[in-house]
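**Q** Sharing a structure, written as structure tokens. Questions coming.
The values are calculated or read from the model by the stated rules, or taken from the named source; none is laboratory data. Note that this is a predicted model, so its numbers are computed, not measured. Positions of Cβ are backbone-derived with ideal geometry, glycine not excepted, and every protein chain shown enters the neighbour counts. Heads up: the accessible areas ignore ligands, DNA and RNA and are worked out on the full protein's heavy atoms, side chains in. Shrake-Rupley method; radii C 1.70, N 1.55, O 1.52, S 1.80 Å.
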Amino acid sequence: MIIRSILENDLYKFSMSYYYQVHYPNAWGTFSFHDRNNTEYSEDFVGLLKEEFQHLATISLQPTEFDWAVKTIPYIPQCFWEWLCYFRFEPNKINVWLDEERHLHMEVSDAMYKVTFYEIPILAIVSELYHQYIGDGYEQREELSAAMIPLMEKKVAIASQHNLYFADFGLRRRYSRLSEDLVVEYMKAHCPTFTGTSTVYLAMKYHLKPIGTM
């Protein structure tokens, strides 16, 4: 499974869901995927996507996640997190197809306070499967660390030299689940100007501030 926690989403998606519930509870919307690179995919790739989307239906807000969210994200009230305990992704609402040129299309429609949750996990799944699909995916943590640490060392040096504060907003375009985990873990340990992550699950895992659009 690529997405393994309901909190594996951007903070602003929780903010937006609550906003829609309060101000536009009857609003209906559709999210459409557009590949600006016009990549050609195979039906096998579509099959892998659908398998991952089925896995989404198995995740839900866990008691420890609920307690952490209520305590750590106080601007969203407890009643929202109580509702989220019962929220489930519905894979049958995700329409996936290839056009005649083998370009990938996806659409998902639902009430806005629910459908907003689909965008980021879908993008993260496509990104990770894409790197597996083109054959440059690192599957072992050691291999990935060896490739990434020299790049992160340079970033830390630049940030430290110029006192640059920054956060992780990489979930939607991350190379893989493991790669973002490594980045957040490394930056917390080695970069004093690293301020947190928008991926709520990783903020909880590494005791960081969840950062996102309010």
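**Q** How many residues, within the range 82-110, are part of a helix (DSSP H, G or I) and either open to solvent by less than 20 Å² (accessible area, probe 1.4 Å) or not basic (Lys, Arg) (or both)?
**A** So the first thing to find is which residues in the range 82-110 are part of a helix (DSSP H, G or I), and the list is 82-84, 91-93.
Keeping just the survivors that are either open to solvent by less than 20 Å² (accessible area, probe 1.4 Å) or not basic (Lys, Arg) (or both) gives 82-84, 91-92.
Result for the range 82-110: 5.
**Q** Continuing with this model, one more query. Does the range 181-196 include one or more residues that are closer than 21 Å to Glu51 by Cα and buried (at least 19 other Cβ atoms within 10 Å of the Cβ)? Walk me through how you get there before you give the answer.
**A** Initial filter on the range 181-196 (closer than 21 Å to Glu51 by Cα): none.
No: the range 181-196 contains no residue that is closer than 21 Å to Glu51 by Cα and buried (at least 19 other Cβ atoms within 10 Å of the Cβ).
**Q** Which residue pairs have Cβ atoms closer than 6 Å, lie 6 or more positions apart in sequence or on different chains, and pair a first residue in the range 2-20 that is part of a helix (DSSP H, G or I) with a second residue that is aromatic (Phe, Trp, Tyr) and open to solvent by 10 Å² or more (accessible area, probe 1.4 Å)?
**A** Close Cβ pairs satisfying both conditions: Ser17/Tyr113; Tyr20/Tyr113.
**Q** Got a sec? Which of Pro74, Pro25 is out of contact with any Ser or Thr (no Cβ under 7 Å at 6 or more places or on another chain) and either small (Gly, Ala, Ser) or more than 20 Å from Thr199 (Cβ to Cβ) (or both)? Give the steps one after another, and end with the answer.
**A** Numbers: Pro74 fails: either small (Gly, Ala, Ser) or more than 20 Å from Thr199 (Cβ to Cβ) (or both).
When all the criteria are applied, what remains is Pro25.
**Q** Okay, next question. Based on what the data block shows, is Arg173 open to solvent by less than 80 Å² (accessible area, probe 1.4 Å) and modelled with pLDDT under 95? Let's see the steps before the verdict.
**A** Details: open to solvent by less than 80 Å² (accessible area, probe 1.4 Å): no; modelled with pLDDT under 95: yes.
Judged against the criteria, Arg173 is not a match.
**Q** Hey, another quick one. Testing Ile158 on (1) within 26 Å of His131 (Cα to Cα); (2) open to solvent by 80 Å² or more (accessible area, probe 1.4 Å); (3) of a type in the set (A, V, I, L, M, F, W, C), one condition comes back false. Which one is that?
**A** The one condition Ile158 does not meet is (1).
**Q** Still on this structure, I have one more. If the Cβ limit is 6 Å and pairs must be 6+ apart or interchain, which residue in the range 89-102 that is among the polar types (S, T, N, Q) pairs with which residue that is modelled with pLDDT of 95 or more?
**A** Note: pairs meeting the criteria are Asn95/Glu107.
**Q** All but one of (1) surrounded by 11 or more Cβ atoms within 10 Å (Cβ to Cβ); (2) under 23 Å from Tyr130 (Cβ atoms) hold for Tyr19; state the number of the condition that does not hold.
**A** Tyr19 satisfies every listed condition except (2).
**Q** While we're on this one: How many residues are closer than 15 Å to Met1 by Cβ, open to solvent by 10 Å² or more (accessible area, probe 1.4 Å) and either touching a helix residue (DSSP H, G or I) at 6+ places or on another chain (Cβ under 6 Å) or not in a loop (DSSP other than H, G, I, E, B) (or both) when one looks only at the range 47-66?
**A** 7
**Q** Here's something else I'd like to know. Of the residues that sit in the range 162-182 and are out of contact with any Asp or Glu (no Cβ under 7 Å at 6 or more places or on another chain), among the hydrophobic types (A, V, I, L, M, F, W, C) and in a helix (DSSP H, G or I), which one is farthest from Ala203 (Cα to Cα)?
**A** Selected residue: Leu178.
**Q** Any residue at all in the range 124-142 that's part of a helix (DSSP H, G or I), open to solvent by 10 Å² or more (accessible area, probe 1.4 Å) and farther than 30 Å from His105 by Cα?
**A** Within the range 124-142, one or more residues are part of a helix (DSSP H, G or I), open to solvent by 10 Å² or more (accessible area, probe 1.4 Å) and farther than 30 Å from His105 by Cα.
**Q** Out of (1) closer than 23 Å to Asn92 by Cα; (2) open to solvent by less than 60 Å² (accessible area, probe 1.4 Å), what's the single condition that is false for Ser145?
**A** Just one mismatch for Ser145, condition (1).
**Q** Turning to a different aspect of this structure: Please go through the range 22-39 and pick out each residue that is modelled with pLDDT of 95 or more and either exposed (fewer than 14 other Cβ atoms within 10 Å of the Cβ) or out of contact with any helix residue (DSSP H, G or I) (no Cβ under 8 Å at 6 or more places or on another chain) (or both).
**A** We begin by selecting, within the range 22-39, every residue modelled with pLDDT of 95 or more; these are 22-33.
Result: Val22, His23, Tyr24, Pro25, Asn26, Ala27, Trp28, Thr30, Ser32.
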